[in-house]
């Protein structure tokens, strides 16, 4: 689990979260050929093309985490806090971290629904 900053995030999403930090991003580690390899299976090819970043390659030898830069050299993803590795999904830890980071999304009067819109339109703005 890690916290990441997405430099290309939608302004609408940042406004909703009231932060440009995305808490509790999950990635996996695979034990291959005697060592642990990190992999982030988070973005499909279509989303990568929309965000103008190359899809991550996984060769089974090197870590495959986030692209640091877009095709044009603009900052894209940045790991800002590493929460460590877990044997199983740490549900209570994840929920507690999200509630701490985004308290406005929980409790009385909270709005869990972001306004519907178009990611494509947000990116083009």
**OP:** Being surrounded by 14 or more Cβ atoms within 10 Å (Cβ to Cβ) and touching a strand residue (DSSP E or B) at 6+ places or on another chain (Cβ under 9 Å) is the filter here, so list the residues in the range 70-79 that pass it.
**Re:** 76, 77, 78, 79
Subject >> Residues of the range 50-65 satisfying the condition of being closer than 12 Å to residue 37 by Cβ, within 18 Å of the chain's Cα centre (by Cα) and in a loop (DSSP other than H, G, I, E, B) >> reply: 58, 63, 65
Subject >> Selected residue (only one of 96, 54 is loosely packed, with under 15 Cβ neighbours inside 10 Å, over 16 Å from residue 4 (Cα atoms) and either in contact with a strand residue (DSSP E or B) (Cβ under 9 Å, 6 or more places away or on another chain) or at pLDDT 85 or above (or both)) >> reply: 96
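Which is within 28 Å of residue 110 (Cα to Cα) and crowded, with 16+ Cβ neighbours inside 10 Å, of 3, 20?
3
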Original post:
Across the range 75-89, which residue is farthest from residue 17 (Cα to Cα) among those that are under 17 Å from the mean Cα position of the chain (by Cα) and outside any strand (DSSP E or B)?
Top reply: 85
**OP:** Considering each residue of the range 15-29, count those that are touching a residue at least 60 places away in the same chain (Cβ under 8 Å), outside any strand (DSSP E or B) and either on the phi > 0 side of the Ramachandran plot or in contact with a helix residue (DSSP H, G or I) (Cβ under 7 Å, 6 or more places away or on another chain) (or both), and give that number.
**Re:** 2
**OP:** Only residues that are exposed (fewer than 10 other Cβ atoms within 10 Å of the Cβ) and either at pLDDT 90 or above or more than 13 Å from residue 10 (Cβ to Cβ) (or both): list them for the range 101-125, please.
**Re:** 107, 108, 109, 111, 112, 113
**OP:** Would you please name the residue that is surrounded by the most Cβ atoms within 10 Å (Cβ to Cβ), looking only at residues in the range 30-45 that are under 16 Å from the mean Cα position of the chain (by Cα) and either in a helix (DSSP H, G or I) or in contact (Cβ under 8 Å) with a residue 12 or more places away in the chain (or both)?
**Re:** 40
Original post:
In the range 1-14, which residue that is modelled with pLDDT under 90 and outside any strand (DSSP E or B) is farthest from residue 79 (Cα to Cα)?
Top reply: 12
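The values are calculated or read from the model by the stated rules, or taken from the named source; none is laboratory data. Predicted, not measured: the structure shown is a model, and the values here were computed from it. Heads up, the Cβs are rebuilt from the backbone with ideal geometry, glycines too, and the neighbour counts pull from every protein chain shown.
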